[in-house]
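In what follows, a single structure is set out as structure tokens and then discussed.
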Amino acid sequence: LSGSVDAPLVDGVLAGERRAVARAISLIEDGTVERARVMEALFPHTGRAYTIGITGAPGAGKSTLTERLVLRIRRDEATVGVLAVDPSSPYSGGALLGDRVRMQSHATDRGVFIRSMATRGHLGGIALATPEAVRVLDAAGKDYVMIETVGVGQAEVSIANACDTTVVVVNPGWGDAVQAAKAGLMEIADLFVVNKADRDGAREAIRELMQMLDLAETDFRPEIVPTVAVRDEGLDELWAAIRRHRRYQEDGDRLPDRRRRRIAREIRDIAVERLRRRLEGDAAELLDELAEQVRRRRLDPYAAAERLVLGAAPGAERLD
Ligand SMILES: Nc1nc2c(ncn2[C@@H]2O[C@H](COP(=O)(O)OP(=O)(O)OP(=O)(O)O)[C@@H](O)[C@H]2O)c(=O)[nH]1
Ligand SMILES: [Mg+2]
């Protein structure tokens, strides 16, 4: 298998070459067979990057914050990769285009790689494609990888949760924190940003969040950082809070535990996807047979399902 891997592509990614990184991520989006080989070759070179998820309602200021945070991180001489994940508008939505244009202030900085991503052919969908793209940036030597995703919908929320520090962005305005809670963002937040703090209601939004956090029983209390991303205000504080959360996790076994849980979720998702494909493919015949047996009352549906899983699993295909 490794004999047929695209060696120049793998070497290019490992050398941090922009074009190679971009191509590798395109392979992931397209879900080609080549992708699996490239990822296999890159895997031993991953596991170093610290990942930061930025999520929140549409228009909350995630991209503006991300761009400013990239500048702040660069001042510390660290390198950054950014993935703007957009499952809902896979092609050229206005928001995506806007991101690209704005993010161009980093276009000439070799320490930064920014990319919007959507899945086109990856069978596991965006939830399985994103960790792979993160690993490409990790293998390319980026110290930090930021993942921007809109905090609406289960897939998006789980992507935002699949990182080392999850930042949830809310805006001033009555009930924004409540909306975030409804979207399941309260549980995944390691840190809250009240962006657009130049608008009325920032204090109320902070108070609202604090009240909700009072009710939560967790050992870590997320910090709340007000920012005005468009004026570059609060970015030092945000960066400091992210680093505090990182240190908190690095103290003891929290970070390895968190990463192991995340990897377990990924393995499970891959396994489920493989099984699903198998059930829809080669195992379809077995399913038919079992259905007939259930119809004749020789088996009940649960026993049949068990046989189906056992029958389907041994030959389950590769997920490529
Ligand atoms: N007043 C004010 N406007 C802001 C602030 N931050 C961002 N904006 C504006 O809010 C709008 C949305 O900002 P984006 O950064 O694109 O928000 P986003 O969350 O990435 O949006 P989507 O990716 O489309 O969900 C833009 O017009 C920004 O200029 C802020 O701190 N104050
Ligand atoms: Mg955006």
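The values are calculated or read from the model by the stated rules, or taken from the named source; none is laboratory data. All figures in this text were calculated on a predicted structure; none of them were measured in a lab. Every residue, glycine among them, receives a Cβ derived from its backbone with ideal geometry; neighbour counts consider all protein chains shown.
The combined condition, being surrounded by 13 or more Cβ atoms within 10 Å (Cβ to Cβ), in contact with a strand residue (DSSP E or B) (Cβ under 8 Å, 6 or more places away or on another chain) and aliphatic (A, V, I, L, M), is fulfilled by I224.
So that you can scan it fast, the table gives a plain yes or no per residue for (1) under 28 Å from R231 (Cα atoms); (2) within 16 Å of ligand 2 (Cβ to nearest atom):
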position: A20; (1), (2): no, no
position: T32; (1), (2): no, no
position: A36; (1), (2): no, no
position: E40; (1), (2): no, no
position: P44; (1), (2): no, no
position: G47; (1), (2): no, no
position: G59; (1), (2): yes, yes
position: T64; (1), (2): yes, yes
position: R74; (1), (2): yes, no
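Within the option set R72, R23, R35, R19, being part of a helix (DSSP H, G or I) and more than 22 Å from V112 (Cβ to Cβ) holds for one residue only, R35.
Here the helices (runs of 4 or more DSSP H) wholly within the range 141-204 that include at least 2 residues being surrounded by fewer than 18 Cβ atoms within 10 Å (Cβ to Cβ) are 154-161, 176-182. Residue count for the range 248-288, restricted to those that are of a type in the set (G, A, S) and either modelled with pLDDT of 90 or more or surrounded by 13 or more Cβ atoms within 10 Å (Cβ to Cβ) (or both): 4. For the range 221-238, the set of residues classified as of a type outside the set (A, V, I, L, M, F, W, C) and away from ligand 2 (no atom under 16 Å from the Cβ) consists of R221, P222, E223, P226, R231, D232, E233, G234, D236, E237, listed by residue number.
Among the residues making up the range 172-202, a single one is at pLDDT 95 or above and among the aromatic types (F, W, Y): F192.
Being surrounded by fewer than 20 Cβ atoms within 10 Å (Cβ to Cβ), within 11 Å of ligand 1 (Cβ to nearest atom), of a type in the set (D, E, K, R) and in a helix (DSSP H, G or I) is a condition met by at least one residue of the range 231-241. Of all residues in the range 124-136, none satisfies being within 16 Å of ligand 2 (Cβ to nearest atom), at pLDDT 75 or above and charged (D, E, K, R).
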